[in-house]
Amino acid sequence: MQERKVAEILARPAISIIELVDALIEHAHTRSASDIHIDPSRADMRVRFRIDGVLQEVRQLPKRIHSEIIARIKVMAGMRTDEHQATQDGRFRHECVNGDTLDIRVSIAPTYHGENAVLRLLSNHAAAFTLEMLGFSDADRRKIHAAIKRPHGMILSTGPTDSGKTTTLYTLIRMLNSPDVSIVTVEDPIEYAIDQVEQIQVAPRTGLTFANGLRSILRQDPNIIMVGEIRDAETAAIAVNTALTGHLLLSTLHTSDAATTLPRLLDMGVDAYLVASTVNIAIGQRLVRRICPSCKTEMAITDAAEKTLAAIPLTEPIERGAVFYRGKGCSACGGSGYAGRLCISEVLAADQGIREAIMRQASSAEIRTLAIHGGMTTMLEDGVRKARRGHTTIEEVLRVVYE
């Protein structure tokens with residue numbers, strides 16, 4: 001419906017830029033897109049939506065309305081409309097026709113063919129996930145529940161950009177949120193508002209960095225602290241000492257897997273005994289696309305995927321001719337065969353063996369081996385299990401996890 005509305009607006013002799021931008025946002029929201037990319041070229045503008053982590057081109061717009069569209073987005077986001085040679089960031093709220101409220105982050109950058117715009121769509125519905133809805137297995141959920149019941153220590157969510165780390169932390173914060181605890185966060189940016197939680201926005205221009213914000217939070221008498229990301233040695237040192245002094249601290253790190261998290265903190269200059277004393281669990285995760293339930297069908301594993309899996313040591317080897325699943329593509333999923341995403345994860349619990357390995361500054365490979373012997377299910381193995389159960393495709397798991 002929204003796609004038709006966009007077409008109708010473009011077909012008019014006089015195009016309403018306000019209606020067009022609103023219709024593009026509504027269209028993206030109905031398609032469950034996380035981002036809108038508006039990229040100018042020499043002859044036209046390309047509009048793409050990021051749906052389930054993959055960019056899809058949805059429309060081309062005439063180049064003659066490029067400057068008007070960018071100007072309209074700048075006005076909505078509170079940016080300078082007379083600045084065309086610098087990057088700008090802003091945000092605004094959009095009330096959807098179905099009653100949803102979107103918090104939209106905007107990034108504008110000058111390119112060779114003119115300014116582009118990327119809009120990140122954040123819906124408050126995303127804050128209502130549970131660990132089960134995100135895709136965590138029963139065993140991993142038990143480890144996480146045990147870790148968040150502890151009164152102090154660190155819970156770290158790790159992975160590359162767009163792996164669901166922040167969503168996992170918000171889910172844990174919602175689980176911990178109760179009248180008898182004080183929860184304070186320092187974030188950049190604040191993606192979702194959570195009732196009864198004190199959320200602080202990082203503002204480098206005024207000196208409010210993650211490190212300074214974390215120092216200030218300690219004077220707010222918190223029980224639980226969430227730091228959006230540990231980016232540098234200063235933040236890492238304060239975070240670890242905060243967890244050591246009786247606070248439960250949640251944060252994210254950009255590492256490839258759970259085991260790499262611990263040596264990464266050592267690389268940031270944190271003493272080994274502090275890392276060993278404070279880290280409760282490290283959650284490594286990725287997001288894979290779910291098979292569309294409307295067009296899910298059985299399939300035999302491809303020769304290429306079978307050959308790849310045969311080279312990987314799995315605790316549950318794939319037998320020849322094993323049945324997997326895929327989406328054929330239908331109107332419900334836009335022909336992609338996928339609808340939505342779920343998490344594949346590995347949860348490393350810091351037991352005595354892991355702590356001793358940290359103290360002797362063992363490599364991530366050794367820590368990973370110890371964790372697997374201790375019962376950790378790797379991301380790849382978790383993904384293969386979910387593919388066998390028909391939640392995702394084996395090709396999707398290999399695309400996202402396997403190197």
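The values are calculated or read from the model by the stated rules, or taken from the named source; none is laboratory data. Keep in mind it's a predicted model, so treat the numbers as computed, not measured. Ideal geometry is used to build each Cβ from the backbone, glycine not excepted, and the neighbour counts take in all protein chains shown. Protein only, heavy atoms only, side chains kept; ligands, DNA and RNA dropped before computing areas. Shrake-Rupley method; radii C 1.70, N 1.55, O 1.52, S 1.80 Å.
Couple of notes before you dig in:
- Stretched out straight at 0.36 nm per residue, the stretch from Glu366 to Glu8 would grow longer than its current Cα-Cα span by 122.9 nm.
- In terms of Cα atoms, the Rg and Dmax of segment 127-225 work out to 14.1, 44 Å.
- A 1.4 Å probe over all protein chains sorts Glu229, Glu26 by accessible area into Glu229, Glu26, starting with the largest.
- Relative to the Cα centre, the charge distribution of the chain, modelled as +1 at Lys and Arg Cβ and -1 at Asp and Glu Cβ, gives a dipole magnitude of about 620 debye.
- Spin-label model, Thr206/Asp232: points 7 Å from Cα along the beta carbon direction are separated by 1.9 nm.
- Gyration tensor (alpha-carbon) shape descriptor, the chain, a/c threshold 1.5: oblate
- Protein heavy-atom accessible surface, 1.4 Å probe, per residue over segment 40-103: 55 Å².
- Note: relative contact order over segment 237-285, using C-alpha pairs below 8 Å and six or more positions apart, is 46 percent.
- Between segment 61-140 and segment 172-245, the alpha-carbon center distance in angstrom: 24 Å
- Size of segment 2-99 as Cα extents on the principal axes (Å, biggest first): 33, 30, 26
- The solvent-accessible area of Met76, taken with every protein chain present and a 1.4 Å probe, is close to 40 Å².
- With all protein chains in place and a 1.4 Å probe, the accessible surface of segment 248-313 carries 49 percent carbon and sulfur.
- Largest-first principal axis extents of the Cα set of segment 233-359 (Å): 54, 33, 21
- In this structure segment 256-388 gives 45 Å² per residue of accessible area when probed at 1.4 Å with all protein chains present.
- Across segment 282-324, the volume of the C-alpha convex hull divided among the residues equals 123 Å³ per residue.
- Once the 1.4 Å probe is applied to the protein heavy atoms, segment 116-211 comes out at 46 Å² accessible per residue.
- Long pairs among Lys5/Lys74; Lys63/Lys328; Lys5/Lys296, criterion Cα-Cα beyond 32 Å: Lys63/Lys328
- Radius, Kirkwood style, for segment 338-403 when every pair of distinct Cα atoms is counted (Å): 13.2 Å
- The distance between label points at Thr302 and Asp44 comes to 3.0 nm (points 7 Å beyond Cα on the Cα→Cβ vector).
- Nearest-10 value in Å² for the accessible area of Ser34, using the 1.4 Å probe: 30 Å²
- Filtered trypsin sites (Lys or Arg not before Pro), segment 1-63: DSSP coil and at most 13 other beta carbons within 10 Å: Arg42
- Ligands, DNA and RNA left out, the accessible area of segment 181-246 computed with a 1.4 Å probe is 46% carbon and sulfur.
- FRET efficiency, Leu266 to His113 (Cβ-Cβ, R0 35 Å, nearest 0.05): 0.15
- Here segment 131-173 has 54 percent of its accessible surface on carbon and sulfur atoms, given a 1.4 Å probe and all protein chains in place.
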